[in-house]
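Everything below concerns the one structure shown next.
The values are calculated or read from the model by the stated rules, or taken from the named source; none is laboratory data. Worth saying up front: this structure is predicted, and the values here are computed from it rather than measured. Every residue, glycine among them, receives a Cβ derived from its backbone with ideal geometry; neighbour counts consider all protein chains shown.
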Amino acid sequence: MNRRVEFLYLQQEDCVKAGGYDMAGALKATERSFFLHGKGDYILPHKPVIRWGGPETEETIGRIMSMPSFLGGEAYKAELEQRGLLGPVNTSGIKWIPSKPHNPAKYGLPRANAIIIIVDPETLMPLCIMDGSLVSAMRTGAASGVAVKYLANPGARIMGLVGASVQGITQTHAFKAGAPSLEVCKVFDISRKTSEQFVERMSRELPGMTFKIVDSAEEAFRDSDVIATATMAKEPYVKGEWYKKGALHCEISFWDTPEEALKFVDHVVVDDFDAVSGHGVDVSYRAVMDGTIAREKVTDLGQTVVGNRRVRQSPEDIIFFNPIGLGIHDLSEAFRVYTNAKSQGIGLTLPLWDNPILG
Ligand SMILES: NC(=O)c1ccc[n+]([C@@H]2O[C@H](COP(=O)([O-])OP(=O)(O)OC[C@H]3O[C@@H](n4cnc5c(N)ncnc54)[C@H](O)[C@@H]3O)[C@@H](O)[C@H]2O)c1
């Protein structure tokens, strides 16, 4: 019997060749996992986090998250296809994602890096080991893209962005994919150079939009139909008075918005409130715990995607989307990239072993 086990190894450049920087594809994969979340066809243990102090040290010292999950889909194959959301996943995987805040300034390296493992559902042997940094950034953008698609007012024209680095880039691609009517992005980053690099890059990558650097977070918020905050802020700075009526704010980072600002919003939407509570850091969780908002004000986006719960009741409603980031979104997007790579012969096949000496 042949007992050799092989897996596909995908470095980041392979992921790009396999469509990993294609936001339209990432949006489909991420909507698939929101849909299957809404149907309950997933397994999502709480993510263990290694940190070297309290929750606030994640933004200073760093952290390592490890995110295992299973995502199904077989029972919803026809509905997935009808919605154009790719096919079932029916397997499990894990993302290991360390974050070291000093990396960009000290080493010129990204803050976060990730490895993703996808297993063969029959044997649970590894099918694929891949760079997860790109997948992670794309699915985080795409989660907001799905929120924009389902929660923003139709015809949104102006985007405000605070934080113009890795996540700022994927948020902007995803916002445009979720709301093609967007024309303008106002961007603020505490690093002027980062804002300039962002504008130079995004003007090339999204020529249908105009990008303007503004001088404060407040300017990025005021009059914006949709807003993303994706910073490494350690102190809250957002004010509830800044929101335009009807705005959607996607809070990707953890400390930008204080609990009291949530008094100004009509609805809070998360990806999974159980996972948010398990992490215990996001403002939506802190605001429920200290009584600033009622638990009933919080909805899981998957419930809206499957059609169980409508969030926006009026064009005036202000909506706050606060995803913690779920392993099922990484798995869904990684599986899309893996499937493309496999069918196009991209990547390196490596052995786990030729013949295991034990077992
Ligand atoms: N919720 C999720 O699913 C999810 C997933 C991935 C990343 N994140 C979070 O997104 C955030 C951004 O990630 P990244 O990879 O882009 O980080 P990064 O370190 O590459 O960039 C952070 C940017 O924020 C800017 N910044 C810091 N403080 C600021 C402030 N007060 N006002 C304006 N700009 C400020 C910095 O200058 C930098 O350009 C991190 O907090 C990360 O933890 C969340």
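Within segment 120-145, if we keep just the residues that are over 24 Å from the mean Cα position of the chain (by Cα) and charged (D, E, K, R), the residue that is surrounded by the most Cβ atoms within 10 Å (Cβ to Cβ) turns out to be D120. Only a single criterion out of (1) among the charged types (D, E, K, R); (2) under 24 Å from L36 (Cα atoms); (3) surrounded by fewer than 18 Cβ atoms within 10 Å (Cβ to Cβ) is not satisfied by E316, namely (2). For segment 56-64, the criterion of a residue being among the hydroxyl-bearing types (S, T, Y), buried (at least 17 other Cβ atoms within 10 Å of the Cβ) and not in a strand (DSSP E or B) is satisfied by no position.
May I ask you to verify whether G325 is farther than 24 Å from G160 by Cα and under 17 Å from the mean Cα position of the chain (by Cα)? In short, no. Listed by position, the helices (runs of 4 or more DSSP H) contained in segment 246-359 that have at least 2 residues being at pLDDT 95 or above and over 29 Å from I116 (Cβ atoms) are 283-289. Those strands (runs of 3 or more DSSP E) of segment 162-239 in which at least 3 residues are more than 8 Å from the ligand (Cβ to nearest atom) and closer than 23 Å to A24 by Cα, considering only elements entirely within it, cover 184-188, 226-229.
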